[in-house]
Amino acid sequence: MRNGKEALVRSILLENYESYYRLAFSYVHQEADAMDIVQEGACKAMAKARSLREERFAGTWIYRIMINTAKDYLKKYEKERGTLREDMAVSPGTETDLELQEALDRLPMQEKTLIILRFYEDKPLSEIAEILQENLSTVKSRLYRTLEKLRRELS
């Protein structure tokens, strides 16, 4: 059955590459770094494919790997440089877009992940709960509090 799980993981990775890239880019704001994160996350997923318990959760399992890889990348960068990346180029946009991106970047990683999954990746709350391995009610309340925090900061 090992080949079946590896084939499934490979298939999901290929089908969702753009989504994983957008996810990574939303954390690091650099094309090359985002591609490195996706590549590293894909390698991790393939290496751990045999440990996948239930094939029906393969998609959310891979998302969790990609999120953790992005977070690890940021922690490593912070540790090496002693600060969060200030050189991360934000894509050109309106002043409102830039303000929103800056506000998102100031959020704690857990809250930022919620916003990315819900609004950038358009994931339903139930899937976000699976990805984050949390209760649906917890995800809903944290998302509400995070949105309120963003509204206060942007107003």
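At a glance:
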quantity: Selection count where residues are farther than 20 Å from LYS112 by Cβ and either in the same structural domain as GLN110 (by TED's automatic domain parsing) or in contact (Cβ under 8 Å) with a residue 12 or more places away in the chain (or both), scope segment 17-34; calculated: 1
quantity: Total residues in segment 100-120, condition at pLDDT below 90 and of a type in the set (Asp, Glu); calculated: 2
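The values are calculated or read from the model by the stated rules, or taken from the named source; none is laboratory data. Note that this is a predicted model, so its numbers are computed, not measured. Cβ sites come from the backbone with ideal geometry, for glycine too, and all protein chains shown count toward neighbours.
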